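The values are calculated or read from the model by the stated rules, or taken from the named source; none is laboratory data. Please read these numbers as outputs of a predicted model, since none were measured by experiment. Cβ placement follows ideal geometry from the backbone for every residue including glycine, while neighbour counts extend to all protein chains displayed. Please note that ligands, DNA and RNA were not included when accessible areas were found on the heavy atoms of the full protein model with its side chains. Shrake-Rupley method; radii C 1.70, N 1.55, O 1.52, S 1.80 Å.
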Amino acid sequence: MAVLGIDVGGTTVKMRVTDGRSVLAEWREPTPFGDPAALADLVARAVARHPVDAAGLVVPGIVDERAGRCVQAVNLGWEDVPVRDLVAARLDVPLAFGQDVRAGALAEARTGAAAGAPGPVLFAPVGTGFATALVVRGEVLDAGPWAGEVGQLRLPDGRRVEEVASASGLARRAGAPDAATVAARVRDGDPAAVEAWDECVRALAEPIAWATAVAGCSTVVVGGGLAEAGALLLDPLAREVAHRLGALRAPAIVQAHHGDRAAVVGATLLALR
């Protein structure tokens, strides 16, 4: 059985064809901003080029997976779009539909950094924004479209968490072109970069600690572009989370195995089901 996984991002659409054992094809195309019909065309062309038995489509933002709708995706210019129906109408194969963070959580729990984890797993990708998804007994918790949107919470100073705790927010505050540049400056000891980095870590630790306390997470998988910094991020984050938890058990804080491909891997898993 061959399937096509599609992960719609703010900049690119990642696509992967797999038979569940090996990757048969993988590529990226520019995201058609603000035009869901153009996305349907793109997927239809991909299926025509790579015949498959099913497809899995995941999109960002506030997503009602049961209804097949994207309630809102600011980075795509979408609001209340019936994505699943629009794309399915162009295909002659079954289409699975989901949200990108929850799909990434599925991938990391099944075949990634949290495979075999003994308890609940929190997936926390830190990229353009910041959101989370919870995996319990191997299944991603389906708690409705608004679940996991911790980046929208307000810090005591009134800023949203993802204004501070995201790759894009970090770069803006440090006056750098991207988060990788900030990380390099932190390693060089640049005071402004270190201050912005430390503030980002503290802001990330807050919702992660609360989620761990509520769900008893054994493992937190940190993904997205910021996780590419490795120990520079994960070590201080683990200390900050443990400090906030006090006497409670601190989770293992680990880097995502699938990197920025977690969501497209999750899309293929949805299709295979």
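Evaluated with a Cβ-only charge set (Lys, Arg +1; Asp, Glu -1), the chain carries a dipole of roughly 440 debye about its Cα centre, given to the nearest 20. The residues of the chain have, on average, 44 Å² of accessible surface per residue, using a 1.4 Å probe with all protein chains present.
Summary value for region 136-273: 18 percent relative contact order, contacts being C-alpha pairs under 8 angstrom separated by 6+ residues. With each label modelled as a point 7 angstrom along the Cα→C-beta vector, the Ala44-Val93 pair spans 1.6 nm. Taking Cα pairs under 8 Å and at least six residues apart, what relative contact order does region 212-273 come out at, in percent? It comes to 43 percent, rounded to a whole number. Here is what passes the span test in the chain: the DSSP H helices with alpha carbon length of 24 Å or more along the helix axis and a Kyte-Doolittle mean of -0.5 or above are 191-215. Estimated from helices alone, the mean residue ellipticity of the chain at 222 nm is -11500 deg cm²/dmol (sum of -39500 (n - 2.57) over DSSP H runs with n ≥ 4, per residue).
The accessible-area ordering, largest first, of the residues Val59, Val186 stands as Val186, Val59, per a 1.4 angstrom probe.
Net charge dipole, region 31-128: roughly 220 debye, given to the nearest 20, about the Cα centre with Cβ charges of +1 for Lys and Arg and -1 for Asp and Glu. Between the alpha-carbon centres of region 151-170 and region 1-46 there is a gap of 30 Å. The portion of the accessible surface of the chain made up by carbon and sulfur, rounded to a whole percent, is 53 (1.4 Å probe; DNA, RNA and ligands excluded).
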